[in-house]
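Worksheet: one structure, shown below.
The values are calculated or read from the model by the stated rules, or taken from the named source; none is laboratory data. A quick note: this is a predicted structure, and the numbers were derived from the prediction, not measured. No Cβ is skipped: glycine too gets one built from the backbone with ideal geometry, and neighbour counts run over all protein chains shown. For accessibility, only protein heavy atoms count, side chains too; no ligands or nucleic acids. Shrake-Rupley method; radii C 1.70, N 1.55, O 1.52, S 1.80 Å.
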Amino acid sequence: QVQLVESGGGLVQPGGSLRLSCAASGNIGAIVVMGWYRQAPEKQRELVATITNRDITTYADSVKERSTISRDSAENTVYLQMNSLKPEDTAVYYCNALIKQSGGVAFMMYWGKGTLVTVSS
């Protein structure tokens, strides 16, 4: 089994910063890509940022000037640093990873349970 556990969400004032973490654990053989998605109330889940096992990154246009995604491959952990937060960044942030289990033959997509980020004064 593989688990993704997010941390770092909370209440932040507009203009503030936040660092989200997501640790993958369990029977991990290889990780191809890890990333963050978010879902605001009454909206569809959307991509925030991703990072591959070769450190190739992608960002949503709405966050790319304000965010940095990084990873610690030894710890199977991905981070998302977000700065200059806006009320519209309020959402549940979900960690996502494409992982092949040890001894497995196929990569599968895994999701964390999410962490709430609220940007409000």
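At-a-glance table
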item	result
Failed criterion for residue 73 (all others in (1) open to solvent by 50 Å² or more (accessible area, probe 1.4 Å); (2) touching a residue at least 60 places away in the same chain (Cβ under 8 Å); (3) among the small types (Gly, Ala, Ser) hold)	(2)
Residues of the stretch 88-107 satisfying the condition of being loosely packed, with under 12 Cβ neighbours inside 10 Å and in contact (Cβ under 8 Å) with a residue 24 or more places away in the chain	88, 102, 103
So residue 54, is it farther than 26 Å from residue 11 by Cβ and charged (D, E, K, R)	yes
